[in-house]
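The values are calculated or read from the model by the stated rules, or taken from the named source; none is laboratory data. These figures come from a predicted structure and were not determined experimentally. So basically every Cβ, Gly included, is an ideal-geometry build from the backbone, and we count neighbours across all protein chains shown. Side chains are part of the model used for accessible areas, which takes the heavy atoms of the whole protein and leaves out ligands, DNA and RNA. Shrake-Rupley method; radii C 1.70, N 1.55, O 1.52, S 1.80 Å.
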Amino acid sequence: MDLVLEKRAAPKENYKLLVWIISCIFRSVFSHFDKSDSYTIANFDAGMSQQWGSEYVEELRALLEKTIDVAIE
């Protein structure tokens, strides 16, 4: 994805779609962890939870930031 973003190799609409997808992922996971929200992800086990906190959040945040930068050019 970094190469695609660096080369601006996709149509702008694709970047906007990617921003939406990443935002939905964040929203779903945050709702899963919110005890006052009844939404849960059935197969979000302890291992996935640990990876989310230690790895995925930062990777998706960085990808989201780069994608937004390209999308608003």
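Brief remarks on what is shown
- Residue count, the stretch 1-40 (criterion: of a type in the set (Val, Ile, Thr) and more than 19 Å from residue 61 (Cβ to Cβ)): 1
- Residue that is among the basic types (Lys, Arg) and in contact (Cβ under 8 Å) with a residue 12 or more places away in the chain, where the choices are 27, 8: 8
- Taking the stretch 2-19 as the range and being loosely packed, with under 11 Cβ neighbours inside 10 Å and either in contact with a helix residue (DSSP H, G or I) (Cβ under 9 Å, 6 or more places away or on another chain) or in a helix (DSSP H, G or I) (or both) as the test, the residues that pass are 2, 3, 6, 7, 9, 13.
- Scanning the stretch 35-59 for residues that are open to solvent by 70 Å² or more (accessible area, probe 1.4 Å) and part of a loop (DSSP other than H, G, I, E, B) yields a count of 8.
- Residue 31 among the small types (Gly, Ala, Ser), in contact with a Phe, Trp or Tyr (Cβ under 6 Å, 6 or more places away or on another chain), part of a helix (DSSP H, G or I) and surrounded by 11 or more Cβ atoms within 10 Å (Cβ to Cβ): yes
- Single match in 33, 26 (criterion: of a type outside the set (A, V, I, L, M) and at pLDDT below 90): 33
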